[in-house]
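The values are calculated or read from the model by the stated rules, or taken from the named source; none is laboratory data. If you're wondering where the values come from, they're calculated on a predicted model, not measured in any experiment. Cβ atoms come from the backbone with ideal geometry, glycine included; neighbour counts cover every protein chain shown. In case anyone asks, the SASA skips ligands and DNA or RNA and just uses the protein heavy atoms, side chains included. Shrake-Rupley method; radii C 1.70, N 1.55, O 1.52, S 1.80 Å.
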Amino acid sequence: MKDWDALYEECIHCQKCGLAETRTNVVFGEGARDAEVMFIGEGPGEQEDRTGRPFVGRAGQLLDDMLAMIDLKREKVFIGNMVKCRPPQNRDPLNIEQEACIGYLRNQVALIRPKIIICLGRISAIRLIKPDFKITKEHGQWFEKSGVHMTALFHPAAILRDPSRRPDTFVDLKGIQTKIREVCTHTYR
Ligand code: URA
């Protein structure tokens, strides 16, 4: 396991998969290094690739609204992605790309030691919660792995495409708020 600075250095120079050839910036993730709550998306989009920051495009604005609904400040959580370089045309990251990248995320989780991990969308839920995860059925449900409480929300981009997912997501967010009150100790207000 690497410390934060060594991990960051390795990650931003990574050439482990083909996405290195087409990226503008590596999106390492951002937020508190002692965050109790981590949000894990799929991979950077166009704005994220351009800026090097996670969830700053349209989906990111919705994520900010979702955080605000449950009084979570962006700087108090950690926001990262399954793959840290943009897949061309925002296609799903390939397994081989996810395999190449997952070690960075595992190292980040080991350093941050979050109490709660929230998967944004099916790609991270399948990889982090269980391989047969069904986002339409299992969003908002809680799973425990190695003492970490885990759940998944519809991906903000999927909510933008299909606003009928909003009411369910609101319920899931309230469940996250309850879980935070149960298991977290930091102040969020
Ligand atoms: N979608 C993601 O999954 N991650 C980002 O950082 C931005 C959009």
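Leaving out ligands and nucleic acids, note down the accessible area per residue over the stretch 1-124 with a 1.4 angstrom probe, in whole Å².
46 Å²
Please tell me the relative contact order of the chain in percent, rounded to the nearest whole number, where contacts are Cα pairs under 8 Å and at least six residues apart.
Relative contact order of the chain: 24 percent.
Run the simple label-point estimate for Arg166 and Thr22 please: 7 Å along Cα→C-beta, distance reported in nm.
3.2 nm
Which of Asn25, Ile117, Ile176 sits farthest toward the positive end of the charge dipole of the chain, with +1 on the Cβ of Lys and Arg and -1 on the Cβ of Asp and Glu?
Most positive-ward Cα: Ile176.
Scan the stretch 31-93 for trypsin sites (Lys or Arg not before Pro) in coil per DSSP, keeping those whose Cβ has at most 11 other Cβ atoms within 10 Å, and list them by number.
Arg33, Arg91
Quick check for me: using +1 on Lys/Arg Cβ and -1 on Asp/Glu Cβ, what's the dipole size of the stretch 54-189 about its Cα centre, in debye to the nearest 20?
140 debye
Near Lys179, within a Cβ-to-Cβ distance under 14 Å, what is the net charge of the other residues, with Lys and Arg +1 and Asp and Glu -1?
That works out to -2.
What is the sum of charges, Lys and Arg at +1 and Asp and Glu at -1, for the other residues whose Cβ falls under 11 Å from the Cβ of Arg166?
Local charge sum for Arg166: -3.
Give, in nm to one decimal, the length gained when the segment between Arg181 and Arg106 is fully stretched (0.36 nm per residue of separation minus the Cα-Cα distance).
Full extension from Arg181 to Arg106 adds 24.5 nm.
Given the options Gln108, Ile135, Pro93, identify the residue whose Cα lies farthest towards the positive end of the charge dipole of the stretch 51-182 (+1 on Cβ of Lys, Arg; -1 on Cβ of Asp, Glu).
Gln108
Only helical DSSP H runs with n ≥ 4 go in: add -39500 (n - 2.57) per run for the chain, normalise by residue count and round the 222 nm mean residue ellipticity to 500 deg cm²/dmol.
Theoretical 222 nm ellipticity from helices: -12500 deg cm²/dmol.
Local charge sum around Gln47 (other residues, Cβ-Cβ under 12 Å, Lys/Arg +1, Asp/Glu -1)?
Once all neighbours under 12 Å are counted, the net charge is +1.
With all protein chains present and a 1.4 Å probe, how do Thr178, Thr151, Thr136 order by accessible area, largest first?
Listed by decreasing accessible area, they come as Thr136, Thr178, Thr151.
Helix 166-183 versus the longest principal axis of the chain: what angle, 0 to 90°, nearest 10, using Cα atoms?
Helix 166-183 and the main axis of the chain meet at about 90 degrees.
Binning at 10 angstrom from zero up to the longest distance, how are the C-alpha pair distances of the stretch 42-189 distributed in percent?
Distribution as computed: 11, 42, 40, 7, 0 percent.
Placing one identical point scatterer on every Cα of the stretch 106-189 and ignoring solvent, what is log10 I(q)/I(0) from the Debye formula at q = 0.12, 0.15, 0.19, 0.23 Å⁻¹?
The computed values of log10 I(q)/I(0) come out as -0.36, -0.56, -0.88, -1.18.
Among the lysines, select those whose C-alpha is under 25 Å from the C-alpha of Lys76, and discard any that sit fewer than 8 residues away in the same chain.
Within reach: Lys2, Lys84, Lys115, Lys145, Lys174, Lys179.
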